[in-house]
Amino acid sequence: RRNVDYIARYNDRSSYPLVDNKLKTKLAVGEYDVKTPKLLQVVRQQHEISHFREMAEDLTGFAIKPAKGSGGKGITVITGRDGDDFVKASGARIPVAMLERHLTNILAGLYSLAGTPDVAIVEDLVESSPALAKYSFQGVPDIRIIVFQGYPIMAMLRLATKASDGKANLHQGAVGVGLDLGTGRSLNAVQFNRPITLHPDTGLALENIQIESWENMLEMASRCYEATGLGYMGVDLVVDAHQGPLLLELNARPGLAIQMANGCGLMPRLNAIEGLKRPHFSPRERAQFAMNSFSRM
């Protein structure tokens, strides 16, 4: 039903290339005052990989991503240096030659949605807010917000685990924590669609988490509607320790596990938005409407 009644109905196919390509997403949302991690380099062709070694010479942290990847595949996050080697969050050492081979694989389309040639982007490292970072195992926690017709309707915090290899991907074993839209406070938590109360690796309780700059994040998510024209999408944000909320990526086909994390279904909220008779609301007004209408606390 999600595919037929919402994705197919409200998402124009012409907008898909925009959200299926992280580089195009960055450029598009930037025009709508939605901040993203700083772009350090774009590698489009094999001969440009040699510039990567020069660019990364003085860097201690960055992320390499396939522009057309999905599900976190092909993303390599570097958090430090050890001599000439780069260090991942897991502590693994990687020589620069291995990173260059990774860039070659990205260009060849190893991680792209359809196996077509791709582009690699190198971004500044996101330094997660300490208040959230302590709950996640090695990886950066992010916030998924489902936006329908420009209105945030459901949200969850995704926490990396050992099982997910430090990635905030629920299918790989990350923890999903439902968030109250009115307050940004945690509700329920699941891993592999099973309820949990403690993070499996950090051991921390998941019941009293509070997301910083919550209303700002909802407004950012809402602005992505104007930026893309997509009526139904997932907006993935992080809270950086220095820059505050940043957009990581958009998803035109967001999964349904967010319902498990929230302990409630999407349908009542989707119906509520479809039934609205309203003038054109601004992103801020839509965010405030969602906070007032869909709060469970």
Expressed in square angstrom to the nearest 10, the accessible area of Glu226 with a 1.4 Å probe stands at 60 Å²
Rounded to the nearest 10 degrees, the helix 96-107 long axis (Cα) sits at an angle to the longest Cα principal axis of the chain of 50 degrees
In whole Hz, the Karplus estimates of ³J(HN,Hα) for region 143-156 (6.51, -1.76, 1.60; θ = phi - 60°; x where Gly or Pro) are 10, 9, 10, 7, 10, 10, 6, x, 9, x, 10, 6, 9, 8
Any residue on another chain or 5+ positions along whose placed amide H is under 5 Å from the amide H of Gly80 is listed here as Val87
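From largest accessible area down, sort Tyr32, Tyr16; use a 1.4 Å probe on the protein chains.
Tyr32, Tyr16
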Probe 1.4 Å, all chains present, heavy atoms only: Val43 accessible area in Å², nearest 10, is 0 Å²
The answer for the net charge of residues other than Ala8 whose Cβ lies under 13 angstrom from its Cβ, with Lys and Arg +1 and Asp and Glu -1, is +3
Taking region 17-144, the lysine pairs whose C-alpha atoms sit under 12 Å apart (8 or more places apart or on different chains) add up to 6
Descending accessible area (1.4 Å probe), largest on the left, turns Arg2, Arg269 into Arg2, Arg269
Residues whose built amide H sits under 5 Å from the amide H of Tyr111, excluding neighbours closer than 5 in sequence, are none
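Round to the nearest 0.05 the FRET efficiency obtained for His51 and Arg253 when R0 = 30 Å and r is the Cβ-Cβ distance.
Numbers: r = 34 Å, r/R0 = 1.13.
In this case the efficiency is close to 0.30.
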Given backbone amide H placed at 1.01 Å from N, residues whose amide H is under 5 Å from that of Ser128, ignoring those fewer than 5 places away on the same chain, are Ala241
Note: the chain, point scatterers on Cα, Debye, no solvent; log10 I/I(0) at q = 0.10, 0.15 Å⁻¹ equals -0.53, -1.19
For region 3-15, Karplus-derived ³J(HN,Hα) couplings (6.51, -1.76, 1.60; θ = phi - 60°; whole Hz; x for glycine and proline) come out as 5, 7, 7, 10, 5, 5, 7, 9, 10, 5, 4, 5, 8
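Provide the net charge surrounding Gln243, with neighbours chosen by a C-beta distance below 15 Å and charges set as Lys +1, Arg +1, Asp -1, Glu -1.
On the way: positive: Lys26, Lys35, Lys38; negative: Asp33, Glu123, Asp124, Glu127, Asp142, Glu212, Asp240.
Around Gln243, the charge tally is -4.
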For the Leu276, Ser213 Cβ pair and Förster radius 22 Å, calculated FRET efficiency rounded to 0.05 is 0.25
Note, Glu48: beta-carbon cut-off 12 Å, +1 each Lys/Arg, -1 each Asp/Glu, net 0
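The values are calculated or read from the model by the stated rules, or taken from the named source; none is laboratory data. All values derive from a computational prediction rather than experimental measurement. For neighbour counting, all protein chains shown are included, and Cβ atoms are generated from backbone atoms with ideal geometry for every residue, glycine included. Just the protein is used for accessible areas: all its heavy atoms, side chains included, with ligands, DNA and RNA removed. Shrake-Rupley method; radii C 1.70, N 1.55, O 1.52, S 1.80 Å.
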